[in-house]
Amino acid sequence: MSNEAIRGKLTEVAQQHRDLDDSITALERAGTFDQLQVQRLKRQKLMLRDQLEKLQNMLVPDIIA
């Protein structure tokens with residue numbers, strides 16, 4: 001995967017992460033939210049965060065210390 005493709009995917013995943021965060025916040029502010037649904041969204045958000053970390057690591061070259 002090229003650096004340009006990685007950056008594009010990184011941008012896409014970051015946007016999905018922000019959207020999930022906004023959705024979770026909106027549900028919690030509404031007051032009448034389904035706890036199970038919020039937990040699922042938070043789990044998805046964590047998976048996206050892990051994916052973001054992997055993509056960012058792909059952009060940074062390995063440096064042998």
Pairs of alpha carbons in the chain whose separation is greater than 20 Å (percent): 41
Which length gain, in nm to one decimal place, applies between residue 51 and residue 37 when the Cα-Cα distance is subtracted from 0.36 nm times their residue separation? 2.9 nm
Loop-only check: which GluC sites (Glu not before Pro) in the range 6-65 are DSSP coil with at most 16 other Cβ within 10 angstrom? none
Give the carbon-plus-sulfur fraction of the accessible surface of the chain in %, rounded to a whole number; probe 1.4 Å, heavy atoms of protein chains only. 52
Run the 1.4 Å probe and let me know the accessible area of residue 36, rounded to the nearest 10 Å². 90
What are the ³J(HN,Hα) values, in whole Hz, obtained from phi via the Karplus relation 6.51 cos²θ - 1.76 cosθ + 1.60 with θ = phi - 60°, for each residue of the range 10-27 in sequence order, with x given for Gly and Pro? 4, 5, 4, 5, 4, 5, 4, 4, 5, 4, 5, 4, 5, 5, 4, 4, 4, 5
Using a 1.4 angstrom probe with every protein chain in place, what is the largest-first accessible-area order of 47, 1, 58? 1, 47, 58
Proximal lysines relative to residue 9, as straight alpha-carbon distance under 16 Å, when same-chain residues fewer than 8 apart are discounted: 45, 54
For the chain, report the accessible area per residue in Å² (1.4 Å probe, heavy atoms, rounded to an integer). 79
How would 32, 25, 11 line up by accessible area, probe 1.4 Å, largest first? 32, 11, 25
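The values are calculated or read from the model by the stated rules, or taken from the named source; none is laboratory data. Quantities reported herein were computed from a predicted structural model and do not represent experimental measurements. Using ideal geometry, Cβ is built from the backbone for each residue, glycine included, and neighbour counts are taken over all protein chains shown. When the accessible area is computed, the model is the full protein with side chains, heavy atoms only, and any ligands, DNA or RNA have been set aside. Shrake-Rupley method; radii C 1.70, N 1.55, O 1.52, S 1.80 Å.
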